[in-house]
1. So, in the range A:71-120, how many residues would count as being within 11 Å of chain B (Cβ to nearest Cβ) and of a type outside the set (S, T, Y)?
2. Out of all the residues in the range B:156-186, which are hydrophobic (A, V, I, L, M, F, W, C) and either within 26 Å of B:T246 (Cα to Cα) or assigned to a loop (DSSP other than H, G, I, E, B) (or both)?
3. Across the range A:77-98, what is the number of residues that are among the small types (G, A, S) and surrounded by fewer than 24 Cβ atoms within 10 Å (Cβ to Cβ)?
4. Can you name the residue in the range B:1-17 that is assigned to a loop (DSSP other than H, G, I, E, B) and within 21 Å of B:G96 (Cα to Cα) and is also farthest from the chain's Cα centre (by Cα) among such residues?
5. Name, by its number, the condition in (1) within 14 Å of chain B (Cβ to nearest Cβ); (2) farther than 19 Å from A:T208 by Cβ that does not hold for A:P125.
6. What is the number of the single condition among (1) within 27 Å of B:D321 (Cβ to Cβ); (2) within 14 Å of another protein chain (Cβ to nearest Cβ); (3) crowded, with 24+ Cβ neighbours inside 10 Å that B:A66 does not meet?
7. Only one of A:V250, A:V233, A:V267, A:V271 is in contact with a Lys or Arg (Cβ under 7 Å, 6 or more places away or on another chain) and buried (at least 17 other Cβ atoms within 10 Å of the Cβ); which?
8. Taking the range B:194-239 as the search range and keeping residues that are part of a strand (DSSP E or B) and in contact with a Gly (Cβ under 9 Å, 6 or more places away or on another chain), which one is nearest to B:G132 (Cα to Cα)?
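The values are calculated or read from the model by the stated rules, or taken from the named source; none is laboratory data. Since the structure is predicted, the reported quantities are computational estimates derived from the model, not experimental observations. Counting neighbours? That spans all protein chains shown, and the Cβs are built from the backbone with ideal geometry, glycine included.
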There are 2 protein chains.
Amino acid sequence: MRLVLVAGTTETAAEPGISAAGADPELMRHTPGADLDIVAHGEPTLAPVVPVSPTGCPTPAVMTRAARELLGFDVLAVDAGIAGRTGAPTVDVGDGPGADVREPTAVPGAGETYERARELGGALPDDRIVIGETIPGGTTTALGVLTALDEEPAVSSSLPENPLDLKRRVVAEGLDASGFAAGDAAGDPLRAVAAVGDPVLAAVAGVTTGAVESGTAVTLAGGTQLAAAAALVRHAGVDAPLTLATTSFVAEDDSAGIAGLTDSLGVDLTVTDPGFDGVDHPAMAAYVAGEAKEGVGMGGALRLVGESAASMADLRERIVDVYDRLLAGTESSEGTPEEPPGGAGTAPEGEP
Amino acid sequence: MRLVLVAGTTETAAEPGISAAGADPELMRHTPGADLDIVAHGEPTLAPVVPVSPTGCPTPAVMTRAARELLGFDVLAVDAGIAGRTGAPTVDVGDGPGADVREPTAVPGAGETYERARELGGALPDDRIVIGETIPGGTTTALGVLTALDEEPAVSSSLPENPLDLKRRVVAEGLDASGFAAGDAAGDPLRAVAAVGDPVLAAVAGVTTGAVESGTAVTLAGGTQLAAAAALVRHAGVDAPLTLATTSFVAEDDSAGIAGLTDSLGVDLTVTDPGFDGVDHPAMAAYVAGEAKEGVGMGGALRLVGESAASMADLRERIVDVYDRLLAGTESSEGTPEEPPGGAGTAPEGEP
């Protein structure tokens with residue numbers, strides 16, 4: 001088993017109010033690279049930030065890292081077009097950041113990215129992969145792709161109040177700019193991604209297709225973005241069994257409509273509740289309040305904990321550890337700017 | 001502890017007879033990417049070959065992978081300019097392959113590569129790193145750098161009969177093409193690398209410098225190439241303690257002169273004998289006959305086994321496993337060309 005994390009960016013995230021995957025749009029550029037760094041090393045090494053929402057809710061990379069420290073699984077980071085830096089080693093399949101979906105073409109290299117990712121997925125020496133994403137603005141591009149494919153336009157959000165009207169308007173303008181209407185790309189997944197998607201969707205669909213073609217079982221780890229990737233795989237004619245593992249926070253989000261969407265795509269849905277309710281900790285309380293909800297493979301990481309001998313209580317303890325180390329690193333680097341975050345002085349005890 | 005493997009290429013390797021790090025010069029281009037793949041995944045996934053010498057001696061990546069399966073240490077692969085493909089995730093610090101040392105400039109981006117690597121080394125969250133290399137032709141560029149720095153011109157070889165005259169002639173022509181004489185780059189390590197080195201030397205020196213500056217202990221894992229990197233670090237004014245861990249095959253190679261070189265550089269030398277003598281196995285017998293000798297961090301991997309509770313007998317057993325799986329993968333892919341090596345059907349049992 002290996003966790004595959006696909007990271008990238010879309011200029012769509014620069015639209016004010018559309019994403020909470022960073023403290024502000026400028027810092028949000030660094031979120032994907034920082035997420036990979038955190039899952040790989042326990043803290044940002046070359047990425048300059050610890051991603052938090054505008055209200056301070058920490059990235060779901062914290063939860064995935066905690067699960068990794070608990071279970072010790074391998075991670076493969078895939079760069080589909082990150083904008084910032086990362087100290088995590090990556091396999092590169094992309095052609096740089098995606099454009100705003102309101103440009104005529106959002107992902108010019110969608111086909112090449114898909115094919116490179118498909119080859120990678122086919123070459124992985126694993127019986128099973130669990131695949132997640134990190135891309136701010138990704139729920140909007142997922143809505144774009146689902147709309148273009150004529151699938152249920154489900155959309156979750158990293159914000160407690162999903163800015164649905166804004167997302168729908170951006171997608172409508174994106175379809176318009178690409179010169180086609182909702183449903184026009186049905187059966188042509190790469191056209192949908194190129195027009196109104198993002199490079200991470202192209203890469204997740206490619207890795208998934210290549211993996212199932214070579215007999216590797218695939219668990220999609222995430223919410224509506226991973227469901228949109230599943231839709232792309234289905235529209236590419238792949239009918240292999242797929243499972244989507246998401247968090248209870250996405251499953252309880254009515255706007256996400258994840259159960260109906262996975263059902264219509266013939267994808268098995270598993271939902272894991274990490275038991276954050278009533279826990280007196282700022283990171284976990286923010287999730288209970290509806291922030292973040294999912295991302296960086298969190299739903300799949302929770303699923304792996306559920307399949308293991310470890311308990312959710314073990315995971316919550318480890319989340320506190322990872323969170324405390326990340327904050328300590330941030331404070332330390334602010335106090336001593338000559339020492340980069342991730343220097344030897346902040347080495348995590350739990351590095352697997 | 002983390003094993004850092006720096007991979008790259010130099011056109012110098014295309015000189016006939018200068019390196020045995022590949023079956024022929026064309027296949028040799030793929031050796032660094034394949035070596036990273038083998039250490040990461042147990043077999044080439046996106047790289048198209050299992051590297052062997054012209055006589056069939058397998059790459060030392062087999063030994064390092066076997067040690068990794070035995071001990072379970074983390075690996076960070078660093079791309080300083082590989083030419084072929086790899087399925088191993090990498091952090092990129094380079095500007096592409098190095099030119100032939102007989103060009104006026106062998107590594108135009110030496111300074112940038114060194115600085116990016118130095119930043120990476122400073123950001124690693126480890127108390128200790130062990131750093132190795134994979135670059136065909138690298139002993140010749142190491143000889144070039146040692147000569148330019150006015151250090152002892154030690155040089156080992158992946159061939160049983162070290163082609164010393166050829167290497168010295170190539171280095172002399174390289175110095176001439178760069179317009180300076182032996183010793184002219186003393187105290188100016190980046191000038192030495194740019195003129196007659198390779199991008200891996202720049203990156204190894206950079207990671208090492210950044211690591212020791214941030215308090216991380218560094219073990220250089222290899223032979224004369226890692227000693228040349230140590231010379232670069234010393235000429236950059238870094239006098240921190242350094243250890244070079246090499247194999248008994250390099251230590252017994254008089255042309256390598258590794259003891260004298262490390263002594264003059266103020267570098268501690270440790271030598272590990274994996275006990276291949278008298279073992280009836282083609283891979284190990286080739287090393288006893290003087291092939292390969294070192295590479296892909298082999299000396300450091302042996303050192304780590306020596307420091308652990310595992311025995312060299314455990315390692316030798318695991319080497320047979322890794323070797324048999326690699327050959328099985330190669331034969332299987334020849335028989336069924338539609339399935340890439342590394343497909344699910346050849347998943348290694350021992351994947352850590």
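1. Initial filter on the range A:71-120 (within 11 Å of chain B (Cβ to nearest Cβ)): A:72-79, A:85-93, A:116, A:119-120.
If we keep only those that are of a type outside the set (S, T, Y) too, we end up with A:72-79, A:85, A:87-89, A:91-93, A:116, A:119-120.
Matching residues across the range A:71-120 total 18.
2. Start the filter on the range B:156-186 by keeping residues that are hydrophobic (A, V, I, L, M, F, W, C), which leaves B:159, B:164, B:166, B:170-172, B:175, B:177, B:180-182, B:185-186.
Scanning the range B:156-186 gives B:L159, B:L164, B:L166, B:V170, B:V171, B:F180, B:A181, B:A182, B:A185, B:A186.
3. Selection size over the range A:77-98: 3.
4. Narrowing the range B:1-17 to residues assigned to a loop (DSSP other than H, G, I, E, B): B:1, B:8-9, B:15-17.
In the following step, the residues that additionally are within 21 Å of B:G96 (Cα to Cα) were identified as B:8-9, B:15.
Details: B:G8: 9, B:T9: 11, B:E15: 19 Å.
Result: B:E15.
5. With (1) within 14 Å of chain B (Cβ to nearest Cβ); (2) farther than 19 Å from A:T208 by Cβ applied to A:P125, the lone miss is (2).
6. (2)
7. Values: A:V233 fails: in contact with a Lys or Arg (Cβ under 7 Å, 6 or more places away or on another chain); A:V267 fails: in contact with a Lys or Arg (Cβ under 7 Å, 6 or more places away or on another chain); A:V271 fails: in contact with a Lys or Arg (Cβ under 7 Å, 6 or more places away or on another chain).
Checking each option against the conditions leaves just A:V250.
8. In the first step, residues of the range B:194-239 are kept if they are part of a strand (DSSP E or B); the result is B:217-221.
Still in the running and in contact with a Gly (Cβ under 9 Å, 6 or more places away or on another chain): B:218-221.
Working: B:V218: 11, B:T219: 9, B:L220: 6, B:A221: 5 Å.
By that ranking, first place goes to B:A221.
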